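Dropping a structure here in structure tokens format, bear with me for questions.
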Amino acid sequence: MRFAQEHKIAGSVLVAAYHTDLGMETEKKSGYFDEAWNWKSIKRNQNWTVLFASQDDPWIPVDQPRYIHEQLNCEYHEFGNQGYFGGDYDKATFPELSRAIIHRCNEHKKQVKQIP
């Protein structure tokens, strides 16, 4: 999301995203969350954002991605049983992610073909 604040990109896929340091000392020390998020720039600098979250994520409270979804008004997929999407268990496939990327790439190709 920080990259999208400053640069135009086609779009982004966010998995288990969060916007605060979560009260974790290591995240605080990183400095990544010191600067306020410029949600308008993040949204303006990309054509689309897809966000995946899970209610049972052991590390990212679901209110974090829900807030990001509210700020970006993006495509949002919330699951009840995906944990940290493989960080906390062996997740061999993520078909929803693949479908979202393929769908967005196909939409982009249609838009490019329409440009004279």
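Given contacts defined as C-alpha pairs under 8 Å and at least six residues apart, what's the relative contact order of region 2-114, whole-number percent?
Dividing the mean separation by the residue count of region 2-114 yields 28 percent.
Express in nm, to one decimal, how much length is gained between residue 38 and residue 89 on full extension, taking 0.36 nm for each residue of separation and deducting their alpha carbon distance.
In short, 15.0 nm is gained.
Same structure, new question: Grab the Cα-Cα distance for residue 28 and residue 47, subtract it from 0.36 nm times how many residues apart they are, and report the gain in nm with one decimal.
3.8 nm
Hey, another quick one. Nearest 10 degrees is fine. How inclined is helix 95-114 to the longest principal axis of the chain, computing both from alpha carbons?
30 degrees
In debye to the nearest 20, how big a dipole does region 19-80 give about its Cα centre with +1 on each Lys and Arg Cβ and -1 on each Asp and Glu Cβ?
My answer is approximately 340 debye.
Which residues make up the longest stretch of the chain clear of chymotrypsin sites (Phe, Trp or Tyr not before Pro) that lie in a DSSP loop with no more than 11 other Cβ atoms within 10 Å, not counting the sites?
Counting only loop sites that pass the neighbour cut-off, the longest clear stretch is 33-88.
Here's another thing I want to ask about it. Suppose R0 equals 35 Å. What FRET efficiency, 1/(1 + (r/R0)^6) with r the Cβ-Cβ distance, do residue 70 and residue 110 give to the nearest 0.05?
Step by step, r from the Cβ atoms, then E = 0.80.
Shifting gears a bit: Compute, for the chain, the length of the dipole vector about the Cα centre, with Cβ point charges of +1 (Lys, Arg) and -1 (Asp, Glu) only. Units Debye, rounded to 20.
That gives the chain a dipole magnitude of about 860 debye.
Taking the chain as the reference, fit the longest principal axis to its C-alpha atoms, fit the long axis of helix 63-72 to the helix C-alpha atoms, and give the angle between the two in degrees, 0 to 90, nearest 10.
Taking Cα atoms only, the helix is inclined about 30 degrees.
Quick note: the coordinates plus some simple rules give every number you see, no bench work behind them. This is a predicted model, so every value here is computed, not measured. Cβ: placed from backbone, ideal geometry, glycine included. Neighbour counts: every protein chain shown.
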